[in-house]
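Novice: Take this structure, written in structure tokens, and hold onto it; I'll ask about it next.
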Amino acid sequence: MTKRTALYLRVSTADQSTEAQRQELDAACAARHWTDVEVHEDVITGASTSRPQFDRMMQHVRCGRLARVVVVKLDRLGRSLPHLALTIDELQRAGVALVCTSQGIDTSSDNPAGRFQLAVLAAVAEFERGLISERTREGLRAVRARGVRLGRPPVASELATRAHALKAQGCSNRAVGRLLGISHPTVAQLLSA
């Protein structure tokens, strides 16, 4: 099976047109003699978590149907730097080249400059993920310092009292669980506390 070239076009609103993107991508494909082309076009904000045509294209990537994905600019492809990094990583793992016509990026095996640009972008994305993780850890430390208990809330003491009373009446753990509406392992936990 011949692998295809996927063109991905996106505009944010219905009153915008993908015509200029399409012309640029068609010209790039013609210059490189890529004729087996499929087009994926979304009219949706880049911040949206669900982009039907993008999702369809990525399914084709996962199935091994594509040789390359061609976009005008990276911002058409990713809704954020971390999302873009994940998309690029998935393309690389699948052996699918990414070509950004107006930014000079081409990650195909015969273009070391494009792969270098992509490596720099991936490093920036990794740095961004690290900053997010660090901010999360700092936020959790601050919350703990204020005395807020994190994690699963403790089991109510009233429930434990009722479990002990039912157990003292001779009920099994399963029967106590049924009567209190909790699982029998939770009953065992309540009785051991």
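Novice: Does any residue of the range 46-61 turn out to be of a type outside the set (S, T, N, Q), in the same structural domain as residue 93 (by TED's automatic domain parsing) and touching a Gly at 6+ places or on another chain (Cβ under 7 Å)? Please lay out each step first, then the result.
Specialist: First, pick out the residues of the range 46-61 that are of a type outside the set (S, T, N, Q): 46-47, 51-52, 54-58, 60-61.
Adding the requirement that they be in the same structural domain as residue 93 (by TED's automatic domain parsing) leaves 46-47, 51-52, 54-58, 60-61.
Imposing the further condition that a residue be touching a Gly at 6+ places or on another chain (Cβ under 7 Å) reduces the set to none.
No - not one qualifying residue is present in the range 46-61.
Novice: Sticking with this structure for a sec: State yes or no: is residue 151 exposed (fewer than 10 other Cβ atoms within 10 Å of the Cβ) and either part of a helix (DSSP H, G or I) or not β-branched (Val, Ile, Thr) (or both)? Reasoning before the result, please.
Specialist: Values: exposed (fewer than 10 other Cβ atoms within 10 Å of the Cβ): yes; either part of a helix (DSSP H, G or I) or not β-branched (Val, Ile, Thr) (or both): yes.
Against the criterion (exposed (fewer than 10 other Cβ atoms within 10 Å of the Cβ) and either part of a helix (DSSP H, G or I) or not β-branched (Val, Ile, Thr) (or both)), residue 151 qualifies.
Novice: Given the criteria touching a residue at least 12 places away in the same chain (Cβ under 8 Å), of a type outside the set (Asp, Glu) and part of a helix (DSSP H, G or I), does residue 119 qualify?
Specialist: Numbers: touching a residue at least 12 places away in the same chain (Cβ under 8 Å): no; of a type outside the set (Asp, Glu): yes; part of a helix (DSSP H, G or I): yes.
The answer is no for residue 119.
Novice: Would you check if there is a residue in the range 103-110 being at pLDDT 85 or above, of a type in the set (A, V, I, L, M) and farther than 15 Å from residue 5 by Cα?
Specialist: Yes, there is a match, as at least one residue in the range 103-110 is at pLDDT 85 or above, of a type in the set (A, V, I, L, M) and farther than 15 Å from residue 5 by Cα.
Novice: Separate question: Report the residue count in the range 93-133 for those that are hydroxyl-bearing (Ser, Thr, Tyr) and out of contact with any strand residue (DSSP E or B) (no Cβ under 6 Å at 6 or more places or on another chain).
Specialist: Step one: of the range 93-133, the residues hydroxyl-bearing (Ser, Thr, Tyr) are 101-102, 107-109, 133.
If we keep only those that are out of contact with any strand residue (DSSP E or B) (no Cβ under 6 Å at 6 or more places or on another chain) too, we end up with 101-102, 109, 133.
Matching residues across the range 93-133 total 4.
Novice: Can you go through 110, 75 and tell me which one is under 23 Å from the mean Cα position of the chain (by Cα), in the same structural domain as residue 44 (by TED's automatic domain parsing) and without any contact (Cβ under 8 Å) to a residue 60 or more places away in the chain? Please lay out each step first, then the result.
Specialist: Numbers: 110 fails: under 23 Å from the mean Cα position of the chain (by Cα).
Exactly one of 110, 75 is under 23 Å from the mean Cα position of the chain (by Cα), in the same structural domain as residue 44 (by TED's automatic domain parsing) and without any contact (Cβ under 8 Å) to a residue 60 or more places away in the chain, namely 75.
Novice: Can you tell me which of 149, 137, 129, 79 is more than 27 Å from residue 55 (Cβ to Cβ) and at pLDDT below 85?
Specialist: One residue alone meets the criteria, 149.
The values are calculated or read from the model by the stated rules, or taken from the named source; none is laboratory data. Since this is a predicted model, take the numbers as computed values, not measurements. Cβ atoms come from the backbone with ideal geometry, glycine included; neighbour counts cover every protein chain shown.
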